[in-house]
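What follows is a single structure, written as structure tokens, with notes after it.
What follows draws every value from the coordinates through simple rules; no lab data is involved. As the structure is a prediction and not an experimental result, all values here were calculated from the model. Every residue, glycine as well, gets a Cβ built from its backbone with ideal geometry; the counts of neighbours run over all protein chains shown.
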Amino acid sequence: MKKIVLLVVVCFVGYATAAAQAKFKFDTETIDYGTIQKGSDGIRIFEFTNVGNEPLVITDVKSSCGCTVPEKPKEAIAPGERGMIKVKYDTQNKIGPIRKTVTVYSNADEPIKALKIKGEVLPEGKSALDKTK
């Protein structure tokens, strides 16, 4: 009988420990810039909520190229609170399709999370209508 009680207690403690975790819920995991002009505002925001039951700590964010600069929250995001990851794409020096990945490293249940940005930067003097001709 003691062994059964001990087994139940160990299982319960293990479950309770595993259940306590931070968890992302992003509003969107892909930001579409659409078709934008060279020199346009390249700043976009990935917004998320910590739907877990522990504070969410983002330890790092990295981009797949130097043309995309991500910025992580400085503080932990409490359970139920919202946070954001700011991304700035260089629309002044990069013309053409945008297909980049921003990788988020955290203490969440999914510790490595890939976010995407996409779109197209048109050269000066060219419009989206020019592409359809």
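Brief remarks follow.
- Given in Å, the Rg to one decimal and the Dmax to the nearest whole number for the Cα atoms of segment 2-124 are 19.4, 78.
- Between segment 24-71 and segment 73-119, the alpha-carbon centres lie 3 Å apart.
- Karplus (6.51, -1.76, 1.60) ³J(HN,Hα), θ = phi - 60°, over segment 48-63, in Hz, Gly and Pro reported as x: 8, 10, 7, 8, x, 10, 10, x, 9, 10, 8, 8, 6, 9, 10, 10
- Virtual spin-label span in nm between Ala78 and Ser64, 7 Å along Cα→Cβ: 3.7 nm
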